[in-house]
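Taken together, the values in this text are just the output of simple stated rules run on the coordinates, not laboratory data. Model, not experiment: these values are computed from the prediction. As a convention, Cβ positions derive from the backbone with ideal geometry for all residues, glycine included, and neighbour counts pool all protein chains shown.
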Amino acid sequence: MHRLPATSLPPLKTVDKVDINRFMGPWYVIACIPTFIEIDAYNGVETYRLDPDGSIDTVFTFNKGGFDGPLKRYNPRGFIVDTVNNSTWGRQFIWPIKAEYLITHLNGDYTQTVIGRNKRDYVWIMARTPEIPEGDYQRLLKDLDHHGYDVAKLRKLPQRWHKGIDKSP
């Protein structure tokens, strides 16, 4: 399928309102159009904490190359750009560059979210649990396709969490 360049697509619509305190905590990465660090990630979890200065301490952990691969940890900083609805953030991995971070989907019970970018180059489907129902996943894919993402580039992040060996966030 031929896709329009992201520059000719309308900006992504963010969710109307994010209760920032409810959004904090761990999110399992279900699928993404991966950045270079996520290409071979397993058990990906992104955890957010609201700091007193209003910025978001972010910790992204995953096993590199397999479930038993070395644990990797990244600690970008988030900044709420739109403090009216809290759904538009900037993310900073390396100073002074801030990346766009748009909360484009968040279900009512704060158990599933989609984070996108207007460039449609990266996207993350995340949940409070390591898996989501297949019907939910397919609806999110359909929505992403409708908004101009090349869903063929999505990679499901393998998640395996053993009972008794709690690696969960």
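All Cα-Cα separations within the chain were binned at 10 Å from zero, giving a P(r) of 10, 39, 38, 12, 1, 0, each value a whole percent of the pairs. Take V59, project a point 7 Å from its Cα along the Cβ direction, then tell me which residues of the range 130-146 have their backbone nitrogen under 20 Å from it. Residues passing the 20 Å test: 130. N85 label point, 7 Å along Cα→Cβ, cut-off 20 Å on backbone N: hits in the range 24-46? Residues 24 fall inside that zone. D40 sits among other residues whose Cβ lies under 12 Å from its own Cβ, and their net charge, with Lys and Arg +1 and Asp and Glu -1, is +2. Under a model in which nothing but the beta-carbon of Lys, Arg (+1) and Asp, Glu (-1) is charged, the chain shows a dipole of about 300 debye around its Cα centre.
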